[in-house]
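Peer 1: Sharing a structure here in structure tokens format.
Derivation of every value follows stated rules applied to the coordinates shown; laboratory data play no part. Computed from a prediction, not measured in an experiment: that's the story for all the values here. Counting neighbours? That spans all protein chains shown, and the Cβs are built from the backbone with ideal geometry, glycine included.
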Amino acid sequence: MREGGDPKRLDFVLSAPREVWTGMVRSIAANGGADASHTLNTLSHVGDVMKVEYADAEGHDRFYRFMASLQEFFDQARHLDVRC
């Protein structure tokens, strides 16, 4: 597992076990995009499988404001040769 930048300097951090990330990437590769049970929205809301960590309400708001763009970024993995 590899961590990103300093969480104190970021708007938010998405944290989840490796198998959650792997499942999302596999879903994207198999379906040309994440299926309904593997989207950032579902993973962060249903069962709290993915945690959205933030220092203040603005960070939390930014995650939801940009979620569609973030999901599209992850969905672009369909164009990569990814091995999970």
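Peer 1: From the phi angles alone, apply the Karplus equation (6.51, -1.76, 1.60; θ = phi - 60°) to the stretch 25-37 and give each ³J(HN,Hα) in whole Hz, x where the residue is Gly or Pro.
Peer 2: 5, 5, 4, 4, 5, 6, 10, x, x, 4, 6, 4, 8
Peer 1: Taking Cα atoms, how many degrees apart are the long axis of helix 57-75 and the longest axis of the chain, rounded to 10 and kept between 0 and 90?
Peer 2: Roughly 10 degrees between the two axes.
Peer 1: Enter the per residue convex hull volume of the chain, computed from alpha-carbon coordinates, in Å³ rounded to the nearest integer.
Peer 2: Measuring per residue, one finds 97 Å³ for the Cα hull of the chain.
Peer 1: Return the calculated 222 nm mean residue ellipticity for the chain, to the nearest 500 deg cm²/dmol, obtained by summing -39500 (n - 2.57) across DSSP H runs with n ≥ 4 and dividing by the residue count.
Peer 2: -14500 deg cm²/dmol
Peer 1: Is there a quick way to get the dipole size of the stretch 12-78? I mean about its Cα centre, with the Cβ of Lys and Arg at +1 and of Asp and Glu at -1; what is the value in debye to the nearest 20?
Peer 2: Numbers: 6 positive and 9 negative charges, 46 e Å.
Dipole size: approximately 220 debye.
Peer 1: With each pseudo-label sitting 7 Å past Cα toward Cβ, what's the Asn31-Ser69 distance in nm, one decimal?
Peer 2: Rounded to a tenth, the inter-label distance reads 2.4 nm.
Peer 1: Next question, about the same structure. What is the spin-label model distance, in nm, from Asp61 to Arg83 if the labels are put 7 Å beyond Cα along the C-beta direction?
Peer 2: Calculated label separation equals 4.5 nm.
Peer 1: Further question: Just need the relative contact order of the stretch 12-78 here, percent rounded to a whole number, with Cα pairs under 8 Å and 6+ apart. Walk me through the intermediate numbers first.
Peer 2: Working: 66 pairs, mean separation 29.2, N = 67.
That works out to 44 percent.
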